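The block underneath contains the structure these notes are about, expressed in structure tokens.
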Amino acid sequence: MGERKVLIKYYAPDFDPSKLIKNRRPKDKQDNVRMMLPMSIRCNTCGNYMYIGTKFNMRKETCLNEDYLGIRIYRFYLKCTTCYAEVTFKTDPKNFDYVVEHGATRNYEPWRDAMRAEWTLKEMKENEEEGNAMKFLENKTSDSKREMDIMDAIDEIKQLNKRKALIPPDELLKMIDRGEFEEIDPKEEEDLIKKVFAEKKSKRLEEIEEQLEKEEQNATEQVAKLTAPVVQEPAKPQKKIISAIKPVKVVKAETPVATPKTERPPTNERKKPMLSYSDDDE
């Protein structure tokens, strides 16, 4: 435990690293990995189905003499969940997929055939266009024409949905049962769509014209304000300001005159005696 965290270790003076025994990994060594099935398979021994996404403890090894453009190919071993028979499959980097080798068969998946057909068609197109400029131009024009047709069809479907959205689905079904729902001819429908689009276009053009007229009027008013000559008003004559404040006269304060005191005449009224009460009177 003392040497576990030591940074500098002691090497003897006669230490020779070439004499150390190197633990070389064998090329065909298998590693234990836990992996999910990349596809649904059926065991050939017992007929048990093992579905995509099922987890297994597998053994992984590298295929020694097989590769694709320098990419290694790996092989996986697993056991059936019912009879424990060994099943092997390996990677397929060329097709971005897996291939079952032994012990099971892969379930049919239609989308894989569709993808392969698309890839083959692309390869054929590229091979045709490789040395032929006219073929490349023809394919490009056909693709653009197909895209335009798809866009037109989508617009027509949207317009039909808008028209049918006004009627609730229950009433629409009742009308179909009664025979009240009449099919519209495609020509009449096209004429109606063109008419609606023309009305919307005319309204939009009128709005744009009104907006342009308002902008022109505002611009002309601003230019007229900027180019108009500045008229100076004549200066008004200044009036003389006469002060309305009058001079204040200073008046000396007069000394107050002492008034003689007047004596009151004697009165014959007597003062009423104060009554007092004591405990003896009670």
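The values are calculated or read from the model by the stated rules, or taken from the named source; none is laboratory data. No experiment lies behind these values; they were computed from the predicted model shown. Note that each Cβ is placed from the backbone with ideal geometry, even for glycine, and that neighbours are counted across all protein chains shown. Remember, those area values only see protein heavy atoms, side chains included, never the ligands or the DNA or RNA. Shrake-Rupley method; radii C 1.70, N 1.55, O 1.52, S 1.80 Å.
Near the amide H of Glu101, within less than 5 Å, lie the amide hydrogens of Thr88, Phe89, Lys90, all on another chain or at least 5 residues away, with H placed in the peptide plane.
Among 133-142, 53-62, the peptide with the highest mean count of other Cβ atoms within 10 Å heads the list, and the full ranking is 53-62, 133-142.
When the range 52-129 is described by a simple charge dipole with +1 on each Lys and Arg Cβ and -1 on each Asp and Glu Cβ, the residue from Pro93, Phe76, Ala117 located farthest towards its positive end is Phe76. The distance between label points at Arg72 and Gln217 comes to 8.0 nm (points 7 Å beyond Cα on the Cα→Cβ vector).
Lys-Lys pairs in the range 1-83 that are eight or more residues apart or on separate chains and whose Cα atoms lie under 28 Å of each other come to 15.
Normalised by 2.2 N^0.38 Å, where N is the number of residues, the alpha-carbon radius of gyration of the range 18-92 equals 1.39. In this structure, the pairs whose alpha-carbon distance is over 24 Å, taken from Lys162/Lys187; Lys140/Lys195; Lys125/Lys145, are Lys140/Lys195.
Averaged per residue, the range 57-171 has 78 square angstrom of accessible surface, using a 1.4 angstrom probe with ligands and nucleic acids left out.
Each peptide in 148-161, 4-17 gets a packing score, the mean of other Cβ atoms within 10 Å over its residues, and the list from highest to lowest is 148-161, 4-17. The protection proxy used here, the mean number of other Cβ atoms lying within 10 Å of each residue, ranks peptides 96-102, 78-84 as follows, highest first: 78-84, 96-102.
Please report Rg over Rh for the range 38-150, where both radii come from the alpha carbon positions and Rh follows the Kirkwood definition.
1.17
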